[in-house]
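**Q** Please read through the structure below; I'll follow up with questions.
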Amino acid sequence: MFIYLIIISLLAITAISFNLPAKRVSIIAAALNLLIGIQLCFFNDLAQSSVELMGLASLKDEGEFFKMGLAITSSNMGLIILTLLVTLAVFVIPELADKDAKFQTICSWLISLGCLLAFAAQDVIFFYAFHELALIPTFLMLGRYGKRAKESTAWKMMIYLAFGSLVLLAGILLLVIKAGAVSFSGLAASVAAESINYHDQVWIAGLLLLGFGTLISLFPFHSWAPHTYANSPTATSMLHAGVLKKFGLLGLWQIGIAFVPQGMAYWTPTLCVLLLGNIIFMGLVTINQRKIDDMLAHSSVMHMGYLFLALVVLIYNPSSQLAYQGFMILMVAHGLSTALLFGLSDVIKRRTGTFHFEDLGGLGKSMPKLCLLFAIATMAALGLPSLGNFTGEFLIFFSAFDTYRSSGEWTMLTTTTVISLWGIVISATYGLRSFRAVFQGASNTYLTQRMESQSIKDIKFSAWIVSIILIIALFILGISPQLFIQHFAS
Amino acid sequence: MPAHYLEIILVVASLLIVFIDAFLSKTSKIKASNLTTTIACLALGYVAVILCAYAAQPKLELLSNPLSDQFLFDELTIFFKVFFSISTILVALLVNHTKTTTDGVDKPHQGAFDAILLLVCAGMMWLASAKDIIHLFVALELVAIGFYVLISFWRSQGELEAGIKYLILGGVSTALLVYGLSWLYGTSGCIDINSIFNITNTEGFPIEGWLLGFILVLIAISFKVGSFPFQLWIPDVYQGTNTATTALLSVASKAAGLMIFYRLAQAALLTESLQFPLFIVLTVVIIATLLIGNLGALAQQNMKRLFAYSSIAQAGFLLIPIFSLTDIYYDKDLIQATFCIYLIAYLIATMSAFFCIAAVEKQRQSSHQNAFSGLSRTNPGLAVAMTVALSSLAGLPLTIGFQAKIGIFVLLVEQQAWLIFVIALLGAIASFYYYFKVLRAIYWCKESSESQEKIKIPLPYSIVLCISSVLIIYLGLFIRELLPLLP
């Protein structure tokens, strides 16, 4: 049944390229995909949903170890739902001009398809390859429809991500050759047989961290991310920040921790320091931002720090249920809240023409629905209880303190956790400040005039409905995460 | 049918074309050029089909090899013969629509182009079957002289300059080749290639003279391949000559040079004392070629010059399987399969890109990068074909170029050649930039592009572009289908 998701996406792309109305086709197809996805993940036996795609990763003969395929398993289920939800939001919330619709919708579908296939991949080569599929449409969209400095931003993103991808490819190739297998099941078997020695593991883990780290915007390799998200058209930043980044995180969990655990353990001190760079340093940079899109871009880099903390805990203790659940929940919740915030900020820009905090203000009166949505999304992003991000962060911090609890020993991980707790304060600062600046208080005279003349309309009804769907998902994750958790084994 | 008849068929077809062109072109040049192209394609197609059928089912004995002690006819030979005939068919289709033959009395007729094209292809096919050095030399000369004519065929200024450069440099390399071959013959007393290498293992063999000959031969072959110290002619010649010849040079001629290099490296395994020196030389050559090709391409604005530098870089990648051969404990089948897959990927993607360049050049009279601007609005199909071809050359996943690059990287990792591995990776990163510069022009419209009209693409071009784009993606996903067909 999983193949229907792919078929519908491809049909949508074909239909749009033959000049059917782009937005309508996309919305229908995305809604269909979402319904199928929910049915697949929650109401189906997951074992039935695998799709075998023939392929050959190396020139050796095939067997279990070289089987390449796609499947929805417990670890990628949440991310697939995330992809489908954000894809629907991408076609509804940002408002596209009709003449751009064809190109933008096709690119968005390609990125979404790449994400879907990458998350569902059950072997390292497909996992890597489908992520690359999503890179070209991002590049093209950024260069053509970017907001400011489009070409230089597009090149920066492209070269940086190409560097990350090729370092990642080196790591993956090393892993494949040392372990002698390509599929996840084959690699797991070779790990059980302990066929990769420690020295090789350290190298492989280092390359994977560098490669995936660049893709996830880990601290020193993050400088492509804020510009890219700030300057790219909203659809692309929703998909990239919300969905595509999680590819790197899933990769570190599925490939790094699963197959080279001792190698990853070697790098944990470095990782602890770097993730603090993400949380504290980038957090402080975010506070300094004066525009909504810059702020959102920097904040998405900042939140990756929490997910790295989860990864560090999982490196120490791969069977930690708390860390695993927190990791999964926070990935989905962060994706939803970031995508929603980017989409809503696009609506603000279109209605008022500006992103600057100084110029905005008092919009709560003329756009009450948008104000409500933005408020809830901001609260989600800063980690208010009863929304998904809080659950994720709480579980991660709790699991990070587990080592202290069990052994009483104050390790580097504990120090890191204590310092990263300040990230909550930092995100509260910029989140609440942005909400207050945009929706409350006074605004500049031009906007006040427009508000009084009622020319600033509220968010469209269709966007309102889809945003509510995303918010309901966030509430479900926050209030009864058990509904999700029961579907993951560890 | 004896296998050596295949090249004779091509020669006969070429003579036929000369006659037709001489008599028919007086009445109607367009009809003549269509007819000659058809004959060329038919002859080449027949050759390719017979070879493929023979390779697929050797039991049917469509071809035999009665001259087996002078005419090499193993699986790798068949692969290369098919490779050369397919690339020549594509070039014949390409050239049929690039020059209209309605102007100028002094301009040579296109029929002559097709005739020489067939002779060049026959020469390359003979080269694939060369077992001794005389055969090698004569076939190489046929190819070289054919190219001297093809490069400056329509006698425009760029072509003449390119022709002179290729003539002089090619002449020097031929001279070095002959001198080297004569040293090899003089010291070893044999003309068969395997015997020349074998005999160096005897006691008291004058290896210094032999080495001189070998080095000179390697120099001449490096010229043809376009690897490190002898790559200077490539950008100027590729840019100056007409697009069809550029396509043929960059695909077929380069593959011919690489094929000879491969054969020599295979034979060099028979000489024990050559292992280490060859290893060192190849390491230096590959690193330098990769760096020069990838870094040189970054600044290029002209499409043909860009593809010239990119072909230098791709030659660097293609030398890696040859480098792997120096490790005699290594898996020869894997090396050969990697080599062939990379060549196939290179053929399809480069030819596809050249068809796009030729289509744009014909209408917009320029092969500068900006001629491509606005293509996504005027010709979305052409834009997609170019995107797929460039993605394959850059090595983006889901294309056959990615499978080829993975094969190369696997070879490097298994051999633990870390320095070359790192430089190959860096080269691949750099290649993203210069291939996607073209995408920038195609998709990110500038103001001037509003005035561009739709490019009329001739039907053969569309067919070729469709087939190659589909093949690139299909083989990228299902490369297992290709493996049984390889040597």
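The values are calculated or read from the model by the stated rules, or taken from the named source; none is laboratory data. These numbers come from a predicted model, not from an experiment. Every residue, glycine among them, receives a Cβ derived from its backbone with ideal geometry; neighbour counts consider all protein chains shown. Heavy atoms of the whole protein, side chains included, go into the accessibility calculation; ligands, DNA and RNA do not. Shrake-Rupley method; radii C 1.70, N 1.55, O 1.52, S 1.80 Å.
**Q** Just to verify a number: FRET efficiency for A:ALA97 and B:ASP74, C-beta to C-beta distance, R0 = 45 Å, to 0.05?
**A** Efficiency for this residue pair is about 0.15.
**Q** Run through every distinct alpha carbon pair of the stretch A:289-490 and return the Kirkwood hydrodynamic radius in angstroms, one decimal place. If you can, show how the numbers build up before the last one.
**A** On the way: mean 1/r = 0.0558 Å⁻¹.
So the Kirkwood estimate lands at 17.9 Å.
**Q** Work out the charge dipole of chain B with +1 on the Cβ of Lys and Arg and -1 on the Cβ of Asp and Glu about the Cα centre, then indicate which of B:VAL384, B:LEU6, B:TYR342 is farthest towards its positive end.
**A** Of B:VAL384, B:LEU6, B:TYR342, it is B:VAL384.
**Q** How far apart, in nanometres, would the label points at A:ILE7 and A:TRP410 be if each is projected 7 angstrom from Cα along the Cα-to-Cβ direction?
**A** Here the modelled spin labels are 6.1 nm apart.
**Q** Where the only charges are on Cβ atoms (+1 Lys, Arg; -1 Asp, Glu), what is the dipole of chain A about its Cα centre, to the nearest 20 debye?
**A** 1560
**Q** Tell me, which longest segment in chain A has none of the chymotrypsin sites (Phe, Trp or Tyr not before Pro) that fall in DSSP loops with at most 11 further Cβ atoms within 10 Å?
**A** Values: sites that count: A:PHE18, A:PHE43, A:TRP410.
With chymotrypsin sites (Phe, Trp or Tyr not before Pro) excluded where exposed in loops, chain A gives A:44-409 as its longest stretch.
**Q** Separate question: Could you list which residues have their amide H under 5 Å from that of B:PHE71, counting only those 5 or more apart in sequence or on another chain, with H placed in the peptide plane?
**A** Under 5 Å from the amide H of B:PHE71: no residue qualifies.
**Q** Something else: Evaluate the distance, in nm, between pseudo-label points positioned 7 Å from the Cα of A:GLN486 and of A:ASP458 along their respective Cα→Cβ axes.
**A** A separation of 3.6 nm, rounded to one decimal place.
**Q** Compute the longest continuous run of chain B that contains no exposed GluC sites (Glu not before Pro); treat a site as exposed when its DSSP state is not H, G, I, E or B and it has at most 16 other Cβ atoms within 10 Å. Intermediate results must be reported in sequence, preceding the final value.
**A** Values: sites that count: B:GLU61, B:GLU203, B:GLU453.
It works out to B:204-452.
**Q** Per residue of the stretch A:373-386, in order, report the coupling 6.51 cos²θ - 1.76 cosθ + 1.60 (Karplus, θ = phi - 60°) as ³J(HN,Hα) in whole Hz, putting x for Gly and Pro.
**A** Coupling constants for the stretch A:373-386: 4, 4, 4, 5, 5, 5, 4, 4, 5, 8, x, 6, x, 5 Hz.
**Q** Tell me the mean residue ellipticity at 222 nm calculated for chain B from its helices only (DSSP H runs of n ≥ 4, each -39500 (n - 2.57), averaged over every residue, nearest 500). It would help to have the intermediate numbers written out before the result.
**A** Values: 19 runs with 352 residues, N = 487.
Calculated at 222 nm, the ellipticity per residue is -24500 deg cm²/dmol.
**Q** Follow-up question, since we're still on this one. Taking the Cα centre of the stretch A:289-490 as origin and charging only Cβ (+1 Lys, Arg; -1 Asp, Glu), how large is the dipole, in debye to the nearest 20?
**A** Values: 13 positive and 10 negative charges, 131 e Å.
Computed about the Cα centre, the dipole is about 640 debye.
**Q** How far is helix B:303-324 tilted, in degrees, relative to the longest principal axis of the Cα atoms in chain B, given as a value from 0 to 90 rounded to the nearest 10?
**A** 30
**Q** Residue farthest toward the positive end of the dipole of the stretch A:289-490, with Cβ of Lys/Arg at +1 and Asp/Glu at -1: which of A:SER320, A:THR411, A:PHE484?
**A** A:PHE484
**Q** Do the sum for chain A: with -39,500 (n - 2.57) for every DSSP H run of n ≥ 4, divided by all residues, what is the mean residue ellipticity at 222 nm, to the nearest 500 deg cm²/dmol? Can you show the working numbers first?
**A** On the way: 25 runs with 351 residues, N = 490.
Here the helix-only value at 222 nm equals -23000 deg cm²/dmol.
**Q** Something else about it: State, to one decimal in nm, how far the label point of B:ARG377 lies from the label point of A:TYR446, with both points 7 Å from Cα in the Cβ direction.
**A** Computed distance between label sites B:ARG377 and A:TYR446 equals 2.8 nm.
**Q** Please list the non-local residues whose amide H lies under 5 Å from the amide H of B:SER64, H modeled 1.01 Å from N, same-chain partners needing a gap of 5 or more.
**A** B:ALA3
**Q** Using just the C-alpha positions of the protein assembly as shown as equal point scatterers, what log10 of I(q)/I(0) does the Debye formula give at each q in 0.08 1/Å?
**A** Result of the Debye calculation: -0.81.
**Q** Give me the angle, in degrees from 0 to 90, between the Cα long axis of helix B:110-128 and the longest principal axis of the Cα atoms of chain B, rounded to the nearest 10.
**A** That works out to roughly 20 degrees.
**Q** In whole angstrom, how far apart do the alpha carbon centroids of the stretch B:315-347 and the stretch B:420-436 sit?
**A** Their Cα centres are 18 Å away from one another.
**Q** While we're on this one: Taking 2.2 N^0.38 Å as the expected size of a compact globular protein, what ratio does the Cα radius of gyration of the stretch A:112-151 give against it, to two decimals?
**A** Numbers: Rg = 12.6 Å, N = 40, 2.2 N^0.38 = 8.9 Å.
Taking the Cα Rg and dividing by 2.2 N^0.38 Å, one obtains 1.41.
**Q** Hey, got the dipole for the protein assembly as shown? About the Cα centre, +1 on K and R Cβ, -1 on D and E Cβ, debye to the nearest 20?
**A** It comes to approximately 3340 debye.
**Q** Something else now. Taking 10 °C and 1.306 mPa s as the conditions, I'd like the Stokes-Einstein D for the stretch A:121-223 in µm²/s, using the Kirkwood hydrodynamic radius from alpha carbon pairs. Mind showing how you got there, number by number?
**A** On the way: Rh = 14.9 Å.
After rounding, the answer is 107 µm²/s.
**Q** With the full set of protein chains in place, find how many percent of the accessible area of chain B is carbon and sulfur; take the probe as 1.4 Å. Don't jump to the answer; show the numbers that get you there.
**A** Values: 12010 of 17890 Å².
Result for chain B: 67 percent of the exposed heavy-atom area is carbon or sulfur.
**Q** Compute the longest continuous run of chain A that contains no exposed GluC sites (Glu not before Pro); treat a site as exposed when its DSSP state is not H, G, I, E or B and it has at most 12 other Cβ atoms within 10 Å.
**A** Values: sites that count: A:GLU194, A:GLU358, A:GLU409.
Looking at chain A, A:1-193 is the longest stretch - no exposed GluC sites (Glu not before Pro) with at most 12 other Cβ atoms within 10 Å.
**Q** Right, here's the next one. Of the heavy-atom accessible surface of the stretch A:289-490 (probe 1.4 angstrom), what whole percent is carbon and sulfur? Display every interim value, and only then the final one.
**A** On the way: 4930 of 7750 Å².
The value for the stretch A:289-490 is 64 percent carbon and sulfur by accessible area.
**Q** Quick one: which bits of the stretch B:369-399 get at least 30 Å² less accessible when the partner protein chains are in, versus the chain alone, with a 1.4 Å probe?
**A** For the stretch B:369-399, once contacts with the other chains are taken into account, B:ARG377, B:LEU396, B:PRO397, B:LEU398 lose 30 Å² or more.
**Q** What is the interface area between chains A and B, defined as buried accessible area summed over both chains with a 1.4 Å probe, reported in Å² to the nearest 100?
**A** Summing both sides, the interface buries roughly 3500 Å².
**Q** Please report the spacing between the Cα centers of the stretch B:229-243 and the stretch A:225-255 in Å, no decimals.
**A** Centre-to-centre distance over Cα atoms comes out at 42 Å.
**Q** List the residues whose amide H sits under 5 Å from the amide H of A:GLY69, counting only those 5 or more places along or on another chain, with H placed 1.01 Å from N in the peptide plane.
**A** For A:GLY69, whose amide H was placed from the backbone, the distant partners under 5 Å are A:LEU53, A:GLN122, A:ASP123.
**Q** From the residues A:GLY335, B:GLY180, A:PHE308, which one has its Cα farthest along the dipole of the protein assembly as shown in the positive direction, the dipole being from +1 and -1 charges on Cβ of Lys/Arg and Asp/Glu about the Cα centre?
**A** Toward the positive end, the furthest listed residue is A:GLY335.
**Q** If you don't mind, another one. Can you give me the Cα centroid spacing of the stretch A:1-20 and the stretch A:396-453 in angstrom?
**A** The two parts, judged by their Cα centres, are 40 Å apart.
**Q** While we're on this one: Which value results when the Cα radius of gyration for chain A is divided by 2.2 N^0.38 Å? Show your work: numbers first, answer last.
**A** Working: Rg = 21.7 Å, N = 490, 2.2 N^0.38 = 23.2 Å.
Here the Cα radius of gyration is 0.94 times the empirical estimate.
**Q** Taking the 0 to 90 degree range and rounding to the nearest ten, how far is the long axis of helix B:207-225 tilted relative to the main principal axis of chain B, both from C-alpha atoms?
**A** Between helix and principal axis, roughly 10 degrees.
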